[in-house]
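Enquirer: One structure is given below, represented as C-alpha cells, and several questions about it will come after.
The values are calculated or read from the model by the stated rules, or taken from the named source; none is laboratory data. Just so it is clear, the model here is predicted, and its values are computed rather than measured. Note: ideal-geometry Cβ built from the backbone for every residue, glycine included; neighbour counts use all protein chains shown.
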Number of protein chains: 2
Amino acid sequence: MTNPTHTLSSRVAEGGALLKQDMATRAAVMESAIDHLLPPTTGGDARLWDAMRYATLGGGKRLRGYLAITTAALFDVPEAQAARVAASVEMLHAYSLVHDDLPAMDDDDIRRGQPSTHRKFDEATAILAGDALQTKAFDILASSKTHESAEVRIDLISAFAEASGAAGMVGGQMIDMEGEGRALPLAEVSHLHALKTGCLIRYSAESGAILGQATPDLRARLRSYGTAIGAAFQIADDILDTTATAEELGKTAGKDEAAGKSTFVALLGIDGARKEAARLTEQAIADLAPFGARADRLRDLAYYVIERRN
Amino acid sequence: MTNPTHTLSSRVAEGGALLKQDMATRAAVMESAIDHLLPPTTGGDARLWDAMRYATLGGGKRLRGYLAITTAALFDVPEAQAARVAASVEMLHAYSLVHDDLPAMDDDDIRRGQPSTHRKFDEATAILAGDALQTKAFDILASSKTHESAEVRIDLISAFAEASGAAGMVGGQMIDMEGEGRALPLAEVSHLHALKTGCLIRYSAESGAILGQATPDLRARLRSYGTAIGAAFQIADDILDTTATAEELGKTAGKDEAAGKSTFVALLGIDGARKEAARLTEQAIADLAPFGARADRLRDLAYYVIERRN
C-alpha cells in the first residue's frame, strides 16, 4: 500500500536538494546567455538596453528556462543550444512582468524584491523595454547560430507565438483584468490561468521536444506534463498569495484579493486548492513515465512547484 | 537638359493617379487579410481582439504593406502570399503607434482622425493589444500556410526582428525620447529616424526580395531604395508637422516642436529639408534602375512620400 502523502514528502526531501543544485547550475548558464544576448551599450539607446538587462538579469526562479533546458537534455540536445531557447522564453516572461507591473495594469512597485522596471527607470522606458524584449525573444529563435534546421526554428517560433499572444498569455491577462471584481466560476478561473501562465510553461516543457525532434508521442507527453505543472504552479501561487508574506514572496502579498480577483483558494479553500495541486503533480509525474530515470529532475520539479515558498 | 523640378512635377502628375488607384486596390487586399487574421471573438478576451482590430483596420496609408506587396510583385510572388507579409508589417506598425500614443509616451488622443486606442478602450487594453499585435506579426510569418520554405520564413523573421527591436524601431523611439528638450546635431537626428521609422520601411521594401528569393544585388537595391524613401518620408513628416493642420494630418499638428524635439526642419529650414527629401527621392529612383518599367509604381511612391499631405 502506498501512502501518497508520505510518498510526496519523502520524494521532496530526496529530490529537493538535487533539484535546487541543478536549478542553480542551469540558472547560471541562462544568466550568462542573457548577458551575452543583451550587451550593454553606450549610445542614446543605453537606457533601453539597461532596462532590458535590469528586467531580465539577476533573479527569478527561471522555471520556464529550466524546463526548456531540462526537457532538451532528455533528447541529448547540446546545452548551449537549449540555453538560447531558455534565454528567449525568460525574456518573454520578463517582458510580460514589466508590462504587468505598469501603473495602468497591476501597478506594482516591487518585483523580485527590487523596484519594478518602471519604478527603477520610468514608464515610457518600461513600455519600450518590454516591447524590445519580446522582439528579442523571437529574434533569438530565428537567428540561432547553432544546429537547428530552419524547420525546427519555425516550429519553435510558431509554438512560442501561439503560447504568448492573444490566444495565449496576453489573452489570459485580458480575461484576468475583465474578471476583476466579479466572482468567476472554477472553469473560467482555470481557463484564464491556463492561458495567462499555463501556455508559456507548457511551451517551455514542449520546447525541448521540439529542439530534440521528438516523436509526436513524447512531445505530447511533455506538453501534458507542462500543462499540469503550469496549472499546479498557479494554484500554488494563489495559496502563497494568501499565506506568505511580502518578504518571502519578494513582491506584494494579498494583492489578488485586494484586486477582487477570483482565485483557486477563494473557490476551493486552502485545503481543496492543495489537494488539486497535488492531483496535478501526480498527473504530471505520470506523463514522464516513458523517460525513466533521466526525467528525475522534472519529477522533482513537479513537487517543487507546489512546495515552493516564493 | 533636364530640369529636375519640372521632371519631378510632371512625374508626380503622370504617376500619381495610377499610384493612388494601385494603393487603394492593395489596401483593400490588406484590409481583408488583416480582417481574416484577427477575427472578432465573443469570450472574455473579446475586448482585446476588438482593440487589436480597432488599431489595425480601417485606415492608414498602408505604406509599409504596399511596399511589401509591390516589391514582391517584381519577383512574381503570388499576391496572397505577399499580403500576409504586408498584414504582418502593418500589425507591427500599428502596435508601435498604439504604444507611442500612450500617456507615458507621446500622450496622443487622436490617431488617423479617430480616438487613439487607449482613448477608445483604456490604457491597459491598449498596452495588451499592442503586445499581442507584435506577437501576431511574428506568428503570421512563422505559420504561413502558403508556399514559402522554412528558410525564407526564417529570413523574413530575422530581418523583421532586426528592424523592429532594440537595434531598430524601438531603439529609435528611445533615442527620440532621450533627445527631447535637447538640440541634436543633424547626424544624430538622421540616425534616430533611420532607426525609428527607417528600419521598418527598409524591411518592407526588402521583404518582397526575401519572399522572391532575389539575387543579393537586387535585394541590396531594394534595401537601399527602402532606406532612401524611409529617410525622405521622415523629412516630409517633419515638414508636414510644421505646415499642415491637424485636420489634414488626422493627428495632432506641431507636436514635435511642442515636445522640444530636434527636427530636420529646425536643422535645415523648410527649403533645405525639401531639397534633402528630393535628393533622397532621386537616389531611391536610381536604385530601381534594374527593374525597368515593372517598378514604375515604386518610382511613383518615391515621389508620393515627399508630396503627400498627410
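Enquirer: Check region A:108-120 and report whether any residue there is acidic (D, E), over 16 Å from the mean Cα position of the chain (by Cα) and at negative phi.
Expert: yes
Enquirer: Out of B:A220, B:A183, B:A187, B:A194, I need the residue that is surrounded by fewer than 22 Cβ atoms within 10 Å (Cβ to Cβ) and not in a helix (DSSP H, G or I). Which one?
Expert: The conditions single out B:A183.
Enquirer: Looking at region A:202-223, I want the residues that are without any contact (Cβ under 8 Å) to a residue 40 or more places away in the chain and have a partner that is surrounded by 21 or more Cβ atoms within 10 Å (Cβ to Cβ) and small (G, A, S) with Cβ atoms under 8 Å, at least 6 apart or on another chain. Which pairs are those?
Expert: Going by the 8 Å Cβ cut-off, the qualifying pairs are A:R202/A:A163; A:R202/A:G226; A:R202/A:G230; A:R219/A:A209; A:R223/A:A205; A:R223/A:A209.
Enquirer: Then there's this: In region A:70-80, how many residues are part of a helix (DSSP H, G or I) and buried (at least 22 other Cβ atoms within 10 Å of the Cβ)?
Expert: Counting residues in region A:70-80 that are part of a helix (DSSP H, G or I) and buried (at least 22 other Cβ atoms within 10 Å of the Cβ) gives 3.
Enquirer: Among the residues of region A:155-180, what is the count of those that are over 18 Å from A:H99 (Cα atoms) and either in a helix (DSSP H, G or I) or under 17 Å from the mean Cα position of the chain (by Cα) (or both)?
Expert: Total satisfying the criteria: 7.
Enquirer: Against the condition farther than 18 Å from B:D238 by Cβ, more than 8 Å from every other protein chain (Cβ to nearest Cβ) and of a type in the set (G, A, S), how does B:A205 come out, does it pass?
Expert: Yes.
Enquirer: Identify the residue in region B:188-202 that is of a type in the set (V, I, T) and within 12 Å of the chain's Cα centre (by Cα) and, among all such residues, is nearest to the other protein chains (Cβ to nearest Cβ).
Expert: We begin by selecting, within region B:188-202, every residue of a type in the set (V, I, T); these are B:189, B:197, B:201.
Within this subset, residues satisfying the condition of being within 12 Å of the chain's Cα centre (by Cα) are B:197, B:201.
Working: B:T197: 15, B:I201: 17 Å.
Ranking the candidates gives B:T197 first.
Enquirer: Looking at A:A205 and the list (1) in contact with a Gly (Cβ under 8 Å, 6 or more places away or on another chain); (2) over 19 Å from A:A286 (Cα atoms), which single condition is not satisfied?
Expert: Exception for A:A205: condition (2).
Enquirer: May I pose another question? Evaluate the following for A:A83: is it within 19 Å of A:W49 (Cβ to Cβ), outside any loop (DSSP other than H, G, I, E, B) and within 19 Å of the chain's Cα centre (by Cα)?
Expert: Criteria not met by A:A83.
Enquirer: The conditions are (1) modelled with pLDDT of 95 or more; (2) more than 20 Å from the chain's Cα centre (by Cα), and B:P185 fails exactly one of them. Which is it?
Expert: For B:P185, the failing item is (1).
Enquirer: Are there any pairs, at least 6 apart or on different chains, whose C-beta atoms fall under 7 Å, with the first in region A:111-132 and touching a residue at least 24 places away in the same chain (Cβ under 8 Å) and the second of a type in the set (S, T, N, Q) and crowded, with 17+ Cβ neighbours inside 10 Å, and if so, which?
Expert: A:A126/A:T117; A:L128/B:Q173; A:A129/A:T117; A:D131/B:Q134
Enquirer: Which of the residues belonging to region B:155-178 are under 27 Å from B:A258 (Cα atoms), more than 7 Å from chain A (Cβ to nearest Cβ) and in contact with an Asp or Glu (Cβ under 7 Å, 6 or more places away or on another chain)?
Expert: The one that is under 27 Å from B:A258 (Cα atoms), more than 7 Å from chain A (Cβ to nearest Cβ) and in contact with an Asp or Glu (Cβ under 7 Å, 6 or more places away or on another chain): B:G168.
Enquirer: Scan region A:1-22 for residues that are modelled with pLDDT of 75 or more and surrounded by 13 or more Cβ atoms within 10 Å (Cβ to Cβ) and report the count.
Expert: Qualifying residue count, region A:1-22: 4.
Enquirer: Here's a follow-up. Limited to region A:15-47, what total is found for residues that are part of a helix (DSSP H, G or I), in contact with a helix residue (DSSP H, G or I) (Cβ under 8 Å, 6 or more places away or on another chain) and not small (G, A, S)?
Expert: The number of residues fulfilling the criteria is 11.
Enquirer: Among the residues that make up region A:88-100, is at least one of them away from every other protein chain (no Cβ under 14 Å), crowded, with 23+ Cβ neighbours inside 10 Å and in a helix (DSSP H, G or I)?
Expert: Among the residues of region A:88-100, at least one is away from every other protein chain (no Cβ under 14 Å), crowded, with 23+ Cβ neighbours inside 10 Å and in a helix (DSSP H, G or I), which makes the answer yes.
Enquirer: Still on this structure, please answer the following. I'd like to verify a number: residues in region A:23-62 that are among the hydroxyl-bearing types (S, T, Y) and surrounded by fewer than 15 Cβ atoms within 10 Å (Cβ to Cβ), how many? Can you show your working first?
Expert: So in region A:23-62, the residues among the hydroxyl-bearing types (S, T, Y) come out as A:25, A:32, A:41-42, A:54, A:56.
Narrowing further to those that are surrounded by fewer than 15 Cβ atoms within 10 Å (Cβ to Cβ): A:25, A:32, A:42.
Result for region A:23-62: 3.
Enquirer: How many residues does region A:110-130 contain that are surrounded by 20 or more Cβ atoms within 10 Å (Cβ to Cβ) and at pLDDT 95 or above? Full working, then the answer.
Expert: Going through region A:110-130, the residues surrounded by 20 or more Cβ atoms within 10 Å (Cβ to Cβ) turn out to be A:111, A:116-118, A:121, A:124-130.
Then keep just the ones that are at pLDDT 95 or above; that gives A:116-118, A:121, A:124-130.
The qualifying residues number 11.
Enquirer: Whether any residue in region A:35-52 is among the hydrophobic types (A, V, I, L, M, F, W, C) and without any contact (Cβ under 8 Å) to a residue 12 or more places away in the chain is what I want to check.
Expert: yes
Enquirer: State whether the residues of region A:133-154 include one that is surrounded by fewer than 24 Cβ atoms within 10 Å (Cβ to Cβ), assigned to a helix (DSSP H, G or I) and facing another protein chain (nearest Cβ under 7 Å).
Expert: Scanning region A:133-154 turns up at least one residue that is surrounded by fewer than 24 Cβ atoms within 10 Å (Cβ to Cβ), assigned to a helix (DSSP H, G or I) and facing another protein chain (nearest Cβ under 7 Å).
Enquirer: Consider B:L48 carefully, then state whether it is more than 23 Å from the chain's Cα centre (by Cα) and under 20 Å from A:A167 (Cα atoms).
Expert: Yes; evaluated as a whole, the condition is true for this residue.
Enquirer: Can you work out which of the residues in region A:106-132 that are touching an Asp or Glu at 6+ places or on another chain (Cβ under 8 Å) and closer than 16 Å to B:G130 by Cβ is nearest to the other protein chains (Cβ to nearest Cβ)?
Expert: Here the residue is A:D131.
Enquirer: If you go through region B:47-57 one residue at a time, do you hit one that is away from chain A (no Cβ under 14 Å) and within 21 Å of B:L222 (Cα to Cα)?
Expert: no
Enquirer: Are any of the residues in region A:103-115 assigned to a helix (DSSP H, G or I), closer than 28 Å to A:V85 by Cβ and not aliphatic (A, V, I, L, M)?
Expert: Scanning region A:103-115, I find no residue that is assigned to a helix (DSSP H, G or I), closer than 28 Å to A:V85 by Cβ and not aliphatic (A, V, I, L, M), so the answer is no.
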